[in-house]
Amino acid sequence: MRTLSSFLGAVALVALSLNLGACFGDVSQGGDDKPDAGDSCAAASDNDAVRLALAPACEGCHVNGNKPFFASLAAFESGLVYDERFVKRGDPEGSLLIKMLKGVAPGSYAQMPPGQPYEQLVASGRVTMTIAQVEAWIRDLKAPPVQLDTPSPAEFKVRRLAADEMVVSLMDQLGLTLEDFVSTSDPHWRDQAYVVNWNKFFVWPGDWAPGISGQYVSDPRSVERFEALGGGNSLEYRKKDPSFGPSAGQALVQMSQAWCGRAVDKPNNKAVLRFATLADTSTKSPDAVQKNLRNLYLRMLGQPPADAELKELYEQVYLPLEAQSTRLAWVGTCAALIRHPLWITY
C-alpha cells in the first residue's frame, strides 16, 4: 500500500535523524566516528520501521524483562511479529496486538500501553503510527523467513517480582481488598486497633499503613511472611532480598493457596470464576470449564496459553483435583498459575 510504504519510509528517516548522534558521535563537533560493527540507525526493514514507530509507546516496559519485544529487531520479530498469539498475518482484526492498542483485549491487559489510550498518544504526537497503519502492516505482512534470527540472551534481563509487587498484584488479580483480611468496616478504623481476620494468611509489610500505629493489634506473622517473600522493612533497617530462595518459595506456595481460596469463596467475585461456577464440571459443562481455564491463564500470566500448555494444566492440575471438588480444582489451578515462572518474574 502506497500510504503505508510512504509512512514506513518516513519512519526510517526520522529514526535515522533522531539517533544520528548516538551512532556517529556528536556530529556538531565534526567527528568522523563510525557506527559500531557497521550497524545502521536506519530501519533495516518494514518490520523494523514498525518497531521504531511503536517503540515510544511500548519500549518502557518491553525493552527488557521476560518480554523484551523492542530490544532489537530479532526480539521484535521472533517474540511478537511472527507469534500468532499476538499477530495473525493477514488478519489484523483477529490479532491481539490490535485489540490491545484499541483497549478491547481479553484478560488483565485489555489495553497496551496501560494508562493513556494509544489513539491519544497518536493525537499528542508521541507516537506517529496510527492503529489503521498498524492494521495495514499486519494485513500485508510478509511471511517469516525460514530461520528467524535468535535474540541475544543478554536482551532478556529478567528479575523476580518484589514482595510488595506480589502483594499488590495478587490482590488486584484475585479481586481482593484489605477488607478481605482485616476489619476495616468502621469509618474510624485507621485510628483504632484492628484485628486480622484469622486463617486468611494475611501478608503485609511492617512499614506500610495501616501497620504503623501504637494501637496496632494484628497477627505478627503477616510481617514475617512478607519478609519471607523477600520484602524489606525500613523501620527495622531490613533490606529487600532480590533472590528467590526456599523461604520465598514456601511463603508463596502457602499464600497462593490461601488467597486463591479467598477469591473463590468471595461472593460475586468473578476474578477466578468468570465463565464457570462451582456447579460446572468437566463432564456437565466442559466448554465452560475450558473457557474459564483459558481466561484464568490469560488473567494471571498476561498472555494467551498455548494449546499444549492449557492441556497439561487441565489434565495434570484441574482434573485430578476436580475428583475431590470443583472448589479445590479452581483453587489449585489458580495457585499453580501464581507459581508459574511467568508470574514470578518480570
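Where a number appears in this text, it was derived from the coordinates with a stated rule and is not lab data. This structure is a prediction, so every number in the text was calculated from the model and none was measured. Note that each Cβ is placed from the backbone with ideal geometry, even for glycine, and that neighbours are counted across all protein chains shown.
Quick look at the numbers
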read-out	value
Residues Arg238, Arg89, Arg262 arranged by fewest to most Cβ contacts within 10 Å	Arg238, Arg89, Arg262
In Hz, Karplus ³J(HN,Hα) per residue of segment 131-140 (6.51, -1.76, 1.60; θ = phi - 60°; x = Gly, Pro)	5, 4, 6, 5, 4, 5, 4, 5, 4, 9
Vicinal HN-Hα couplings computed from phi for segment 274-291 (Karplus, 6.51 cos²θ - 1.76 cosθ + 1.60; Hz; Gly/Pro x)	8, 10, 8, 10, 5, 7, 7, 10, 5, 8, 7, 9, x, 5, 5, 5, 5, 5
Gyration tensor (Cα) of segment 219-346, equivalent ellipsoid semi-axes in angstrom	31, 16, 12
Surface/4 estimate of mean projected area, convex hull on alpha-carbon atoms of segment 273-330, nm²	3.6 nm²
